[in-house]
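Here's the structure, in structure tokens; my notes come after.
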Amino acid sequence: MNEHGSVWMSRRHSAEAVVAPLARPPLLEPPGTLASVTRGVCQFLERPAPRWWGPATLVTGLMATLVLGANAYLVGTGIGVWGVQMPVVWGFAIINFVFWIGIGHAGTLISAILLLTRQRWRNSLNRAAEASAIFAVACGAVFPLIHIGRQWMAWYLFPIQENIAIWPNFRAPLLWDVFAVLTYLTVSVLYWYLGMIPDFATLREREKHPWRRKLFAVLSMGWSGSAREWNHYEMGYLCLAGLLAPLVLSVHSFVSCDFAATILPGWHATIFPPYFGAGAIFGGFAVILVLLIPLRELLPELKKFILPVHIEQMAKWLLATGSLVGYVYLTELFIAWYGANPFERYAFWNRITGPYAPEFWGMLACNALAPQILWFRAVRRRPWAVFGVAILANVGMWLERFVIIVISLHRDFLPSSWSLYHPTWVDIGLLVGSVGLFLFLFLLFLRFLPVIAMFEVKALCPPAEEDAPAAPRDAAGSTLDLSRATFGLGARFPSAAALCRAGRRLRALGFRRIELYSPYPFHGLAEAAGHRKSWVSACVLGGGLFGFCLGASLELLTSMPRPAFLRSVLASHLLDLFYPLVVQGKPYISLPAFFAVVFETTALFSAFGAVVGILLASSLPRFYRPIFHWELFSRRSQDDGFFLVVERRDPRFSADLPGILAGIGALEISPIPE
């Protein structure tokens, strides 16, 4: 080789050294075994509650009673006990509603969107994020219920044709809110519960108390962790994640239309939907950081799963969304100036210099300026510094809602009606009570349900070392008696890779009645067991089509005039369907205005299709299985065991099977009675 060739080779090797992949930071504290994950998560549930949990639950529970007391006084006296008056007709109730609905967005983002993008750092955070999303939406849903006025007449909101013969106005953004929030809450609860089914099975096998064991058995619906169940479960879980991703955008987009669809200066802006969405995600991430950073100190076992790298990743999201929110603030100001509308200009100048200027500048400092210190890695790696920024972000997001609603309303087109907004004790009690209710629900969740998704964190564990194959003897050490294997023969394998190799080997030998069991899903499990692609996605499609047709039919039939062939009918329940409304000159069939409700019903029934498809395809619930009486399986299947079961009705089942299983790496082999 000449001199030029040697120089080229040396440069090539140096280039390869430069582009070598960087080592990713660990997402689980060493040693990170499957058994240690189960012990660490279940430790807080199985031991007595720490000293701080009781007083904290009591204090937050008392705070939550403010919601009940304030609501009882409000319903008994009337909404005049609020501080709202002309022209500020919306106050703390709407502010709190938009604030809590927004907080729920980050939980869905971590759970759904990061799952679709295969971000593995979400695995330790998604369960707490999902819980915070559900509790936040539940707190937010309280305020529309008390904002309707005479709650005892709320049944007039429903289309009871025989009594009132009217239908809701499907063109109204307020009705879009109802469909969006209820759909988002329902799908989030389904997604949350579906994610806990494998963990309920783990708690079922570990629980010693009889009635709690039965409760977890019912909640787990007979989950066994088979390859068939994981195959359909993963497909349905991904479909639900795909549904939740657009729901994140739809909920706050439709909520923003409550303001953007008006002609009020400060509200009438097409930038509101992305503006509300970015702010919601920003506030949601801040709430999750506010919850998890103190919990890492109060519950030391959580430090094994929620590492500084997780906090740093969320801090980056907080920085990105905070910067986006700051950009939107500047865009609003620029549009108000550039649009040359004197009313719009005055509305924003009033925000900057008017009587509520401290709230505006506080919003700007908390949401746009404070997150900028997260550009520095040293700050992102200090949990309590991130905690301080997150606290400011939550305060800033509440102030943002106050700025949008109150400051835009308190000075209208008639100067003689200008006034300031003064919240009453009922307004403040509802705000404090909603915070207490949220924390109270989260503390209950923390005590009685697994705060970490065990099966997802187990996927982060390094592969286990494979032991030497065992002799064809059962778990007790005696020679196998195949006459006891009235259901089949089971074997335990040391790792996921060994389990897949064994499944492929048995199928190559002609075995067909086999099943593989794993405590977590992994690539190749269903293929090794011989399962085809899941058909749960077809159930999702069918549910979506049904929801689309249902929503479209409901809107079209209730909005169109009575057809000519029915005009001669004197009495018919069909006549109650037709209630045409002329709203702002729109045609009876207003497809753009009908999109919101149709989208939500499509997403809702698609989610129902995913859940029903998983249950039907996996034959769940199924509370009796012969393998549940296999002691070794019950003890380790949901913990760290990888099992293979060959049913006796398999044509290839014979006395040579124990030797075959031992030859392909089985550690323990046992007969399974029927």
| message | Step by step: first the residues of segment 308-331, then only those that are closer than 26 Å to Arg447 by Cα and open to solvent by less than 20 Å² (accessible area, probe 1.4 Å), then the one that is nearest to the chain's Cα centre (by Cα). Which residue is that? | response | Met314
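Criterion first (at pLDDT 90 or above and either open to solvent by less than 10 Å² (accessible area, probe 1.4 Å) or part of a helix (DSSP H, G or I) (or both)) does Ser606 satisfy it? Lay out the reasoning, then the answer.
Values: at pLDDT 90 or above: yes; either open to solvent by less than 10 Å² (accessible area, probe 1.4 Å) or part of a helix (DSSP H, G or I) (or both): yes.
For Ser606, the condition - at pLDDT 90 or above and either open to solvent by less than 10 Å² (accessible area, probe 1.4 Å) or part of a helix (DSSP H, G or I) (or both) - is met.
If you check Gly242 against the conditions, is it modelled with pLDDT of 90 or more, assigned to a helix (DSSP H, G or I) and within 19 Å of the chain's Cα centre (by Cα)? Before the answer, list the steps.
Details: modelled with pLDDT of 90 or more: yes; assigned to a helix (DSSP H, G or I): yes; within 19 Å of the chain's Cα centre (by Cα): yes.
Against the criterion (modelled with pLDDT of 90 or more, assigned to a helix (DSSP H, G or I) and within 19 Å of the chain's Cα centre (by Cα)), Gly242 qualifies.
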| task | Please specify each residue of segment 269-281 satisfying the condition of being more than 18 Å from Thr108 (Cα to Cα), without any contact (Cβ under 8 Å) to a residue 60 or more places away in the chain and open to solvent by 20 Å² or more (accessible area, probe 1.4 Å). | result | Thr270
| request: Could you look through segment 353-407, keep only residues that are under 19 Å from Gln313 (Cα atoms) and in contact with a Cys (Cβ under 7 Å, 6 or more places away or on another chain), and pick out the one that is most open to solvent (accessible area, probe 1.4 Å)? | output: Leu392
| query | Which condition number does Ala154 fail, the rest of (1) under 27 Å from Phe448 (Cα atoms); (2) among the aliphatic types (A, V, I, L, M); (3) free of Cβ contacts under 8 Å to residues at least 60 places away in the same chain being met? | reply | (1)
| task | Name, by its number, the condition in (1) open to solvent by 50 Å² or more (accessible area, probe 1.4 Å); (2) in a loop (DSSP other than H, G, I, E, B) that does not hold for Val451. | result | (1)
| Looking at (1) open to solvent by less than 10 Å² (accessible area, probe 1.4 Å); (2) without any contact (Cβ under 8 Å) to a residue 12 or more places away in the chain, which is the one condition that is false for His523? | (1)
| task | Name the residue, out of Thr186, Thr108, that is part of a helix (DSSP H, G or I), modelled with pLDDT under 80 and touching a helix residue (DSSP H, G or I) at 6+ places or on another chain (Cβ under 9 Å). | result | Thr108
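Of Leu330, Leu295, which residue is within 27 Å of Phe376 (Cβ to Cβ), in contact with a Leu (Cβ under 7 Å, 6 or more places away or on another chain), assigned to a helix (DSSP H, G or I) and at pLDDT 90 or above?
Working: Leu330 fails: in contact with a Leu (Cβ under 7 Å, 6 or more places away or on another chain).
Residue meeting the stated conditions: Leu295.
Identify all residues within segment 626-645 that are part of a loop (DSSP other than H, G, I, E, B) and either open to solvent by 20 Å² or more (accessible area, probe 1.4 Å) or free of Cβ contacts under 8 Å to residues at least 40 places away in the same chain (or both); write none if there are none. Can you show your working first?
Of segment 626-645, the ones part of a loop (DSSP other than H, G, I, E, B) are 630, 637-641.
Across segment 626-645, the qualifying residues are Asp639, Asp640.
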| query | When you go through Leu74, Leu66, Leu58 one by one, which is the residue that is of a type outside the set (Val, Ile, Thr) and at pLDDT below 90? | reply | Leu74
| message | Can you pull out every residue in segment 234-282 that is touching a Leu at 6+ places or on another chain (Cβ under 8 Å), over 20 Å from Val597 (Cα atoms) and not aliphatic (A, V, I, L, M)? | response | Gly236, Tyr237, Phe282
| field | Ser250 surrounded by fewer than 24 Cβ atoms within 10 Å (Cβ to Cβ) and of a type in the set (S, T, N, Q) | value | yes
| request: Select from segment 408-435 the residues that are farther than 27 Å from Leu333 by Cα and open to solvent by 30 Å² or more (accessible area, probe 1.4 Å) and write down the one among them that is nearest to the chain's Cα centre (by Cα). | output: Val435
| message | So Arg171 ticks every box in (1) within 22 Å of Val251 (Cα to Cα); (2) of a type in the set (D, E, K, R); (3) assigned to a helix (DSSP H, G or I) but one. Which box is left unticked? | response | (3)
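Filter segment 454-496 down to the residues that are over 30 Å from Leu302 (Cβ atoms), under 38 Å from the mean Cα position of the chain (by Cα) and at pLDDT 90 or above, then identify the one that is surrounded by the most Cβ atoms within 10 Å (Cβ to Cβ). Break it down stepwise before answering.
Of the residues in segment 454-496, the ones over 30 Å from Leu302 (Cβ atoms) are 466-493.
Filter once more, keeping what is under 38 Å from the mean Cα position of the chain (by Cα): 466, 490-493.
Narrowing the set further to residues that are at pLDDT 90 or above leaves 490-493.
Values: Gly490: 27, Ala491: 26, Arg492: 23, Phe493: 29.
That would be Phe493.
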| query | Taking into account only those residues within segment 36-49 that are buried (at least 16 other Cβ atoms within 10 Å of the Cβ) and among the aliphatic types (A, V, I, L, M), which is nearest to the chain's Cα centre (by Cα)? | reply | Val41
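When you go through Glu130, Glu205 one by one, which is the residue that is within 30 Å of Cys539 (Cα to Cα) and part of a helix (DSSP H, G or I)? Show your work before the answer.
Values: Glu205 fails: within 30 Å of Cys539 (Cα to Cα).
Step by step, each of Glu130, Glu205 is checked, and only Glu130 is within 30 Å of Cys539 (Cα to Cα) and part of a helix (DSSP H, G or I).
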| task | State whether the residues of segment 192-200 include one that is open to solvent by 30 Å² or more (accessible area, probe 1.4 Å), assigned to a helix (DSSP H, G or I), charged (D, E, K, R) and farther than 30 Å from Leu591 by Cβ. | result | no
| task | Please find, within segment 614-625, the residue that is farthest from Val41 (Cα to Cα) out of those that are open to solvent by less than 80 Å² (accessible area, probe 1.4 Å) and assigned to a helix (DSSP H, G or I). | result | Ala617
| request: Taking only segment 201-220 into account, find how many residues are of a type in the set (A, V, I, L, M, F, W, C) and buried (at least 16 other Cβ atoms within 10 Å of the Cβ). | output: 5
| task | Kindly indicate whether any position in segment 91-113 is buried (at least 22 other Cβ atoms within 10 Å of the Cβ) and over 26 Å from the mean Cα position of the chain (by Cα). | result | yes
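The values are calculated or read from the model by the stated rules, or taken from the named source; none is laboratory data. Owing to the predicted nature of the structure, the values given are computational and were not obtained by experimental measurement. All Cβ positions, glycine included, derive from the backbone under ideal geometry; neighbour counts span all protein chains shown. Only protein heavy atoms, including side chains, enter the accessible area calculation; ligands, DNA and RNA are left aside. Shrake-Rupley method; radii C 1.70, N 1.55, O 1.52, S 1.80 Å.
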